[in-house]
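Engineer: Mind having a look at this structure? Questions to follow.
What follows draws every value from the coordinates through simple rules; no lab data is involved. The shown structure was predicted, so the numbers you read here are calculated from the model rather than taken from an experiment. Positions of Cβ are generated from backbone atoms using ideal geometry, with glycine treated the same way; all protein chains shown enter the neighbour counts.
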Amino acid sequence: MLAIQRILFSTDFSDGAAHAFPQAVYLANWHDAELHIVNVAEPGSASRKTLPVSPETLQDWLGASEMANDVLERLTIVQKQINSGEPAERLVGYVEDRDVDLVVMGTHGRRGVRRMLLGSVTEEVVRKAGCPVFTIQAEVERTPGQAVRRILVPVDFSEASEAAVRHATEIAQTYGAEVHLLHVVEEVLYPSAYGVTPPSMSSQNVVVRVEEALGKMAREKIGYEHVQVSATVGYAPLTILDYVEENEIDLVVIATHGRSGLDRVLLGSVAERVIRQSPVPVFVVKPDRKSLLPEAKKEAAATHT
């Protein structure tokens, strides 16, 4: 089980945020974690809703969930209203100040071209927060206990994607879910003017070898029977998104590649596109920042004692 002590649920009182709240409550209840509900509003915006809200409102946000009505009463809930014109920066600062382990945020449901954007606040928090971020789309209407049955982890065999596999394994235990490991082989085609001879090994042979490597990863990193592995040829972002639709995936767990300094504002082209366009929730793992794996938490605690 993931080592989660504090969860930040960011709300702007939109429908997107409302759809994310049951997931935040479910995770907080499962992990016996504090639930921090935070709203950042423009100073002087008296017409906007503010925190704290009543227990009745929280129950209304929870909606028609399978969770018992007394779940909210069992949780330790902290509500914080922040007046600022820089919501993303303040949320990221809250994560650092309160040592938050996981951020849960809703995205604004959009179609077509507009759907490529999560919204500036969500996207900036995903990029800059020092912990994993769980994004939930406004269209999601299923209750958390029913919502995660199949988890997809895109794998490129980097240390970052191995961290995603380990997090996905722990999440799968929380939900009783099946894990799918997917690697996309991207063909490199050079114009004839380059004078470059294509590789002699066929793409199909590469796919077979990759599936063998994924099978080995599944045995060594996950070690239980509810795993499926797949390798295919294609353009990684689109292939991942197609796989989500075709295999009724409920959650994508994807890693960003560790970066520092100015480069840290970039997630990487594959991860960023999947996060922006995925029709299902996305759990973003950041190998260069806080890990929620139990052994990593123990090591971190030992270094500070």
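Engineer: Arrange the following residues from fewest to most other Cβ atoms within 10 Å of their Cβ: H31, H180.
Structural biologist: On the way: H31 19, H180 24.
Going from least to most buried by this count: H31, H180.
Engineer: Taking H placed 1.01 Å from N in the peptide plane, check which residues at least 5 places from V78 or on another chain put their amide H under 5 Å from its amide H.
Structural biologist: L35, H36, I37
Engineer: Based only on other Cβ atoms within 10 Å, what is the fewest-to-most ordering of D97, D250?
Structural biologist: On the way: D97 9, D250 20.
In order of increasing Cβ crowding within 10 Å: D97, D250.
Engineer: Separate question: Kindly provide the GluC sites (Glu not before Pro) of the range 5-66 that DSSP labels as loop, not H, G, I, E or B, and whose Cβ sees at most 12 other Cβ atoms within 10 Å. Walk me through the intermediate numbers first.
Structural biologist: On the way: sites: E34, E56, E66; in loops: E66.
Qualifying residues, ordered by number: E66.
Engineer: Which of M217, M105, M1 has the fewest other C-beta atoms within 10 Å, and how do the rest follow up to the most?
Structural biologist: Details: M217 20, M105 26, M1 11.
Ordered from fewest to most neighbouring Cβ atoms within 10 Å, M217, M105, M1 come out as M1, M217, M105.
Engineer: Please work out the C-alpha center-to-center distance from the range 12-41 to the range 220-257 and express it in whole Å.
Structural biologist: 26
Engineer: Something else about it: Could you sort the peptides 5-16, 122-133 by per-residue average Cβ neighbour count (10 Å cutoff), highest mean leading? Don't jump to the answer; show the numbers that get you there.
Structural biologist: Working: 5-16: 20.3, 122-133: 21.9.
Ranked by mean Cβ neighbours within 10 Å, highest first: 122-133, 5-16.
Engineer: Taking θ as phi - 60°, what are the ³J(HN,Hα) couplings along the range 288-294 by the Karplus curve (6.51, -1.76, 1.60), each to the nearest whole Hz, with x for Gly and Pro?
Structural biologist: 8, 10, 5, 9, 9, 6, x
Engineer: Can you list the HN-Hα couplings for the range 147-159, worked out from phi with the Karplus curve (6.51, -1.76, 1.60; θ = phi - 60°), rounded to whole Hz and with x for Gly and Pro?
Structural biologist: 7, 10, 10, 9, 10, 9, 10, x, 10, 10, 6, 7, 4
Engineer: Strictly over 21 Å apart at the Cα level, which of K49/K290; K221/K286; K128/K290 would you flag in this model? Could the numbers behind the result be given before it?
Structural biologist: Values: K49/K290 32 Å; K221/K286 18 Å; K128/K290 12 Å.
In this structure, K49/K290 lie more than 21 Å apart at Cα.
Engineer: If you stretched the chain out fully between T232 and S54, how much longer would it get, using 0.36 nm times the residue separation minus the C-alpha to C-alpha distance? Please report the intermediate quantities before stating the final value.
Structural biologist: On the way: separation 178, 0.36 × 178 = 64.08 nm, distance 5.02 nm.
Answer, rounded to one decimal: 59.1 nm.
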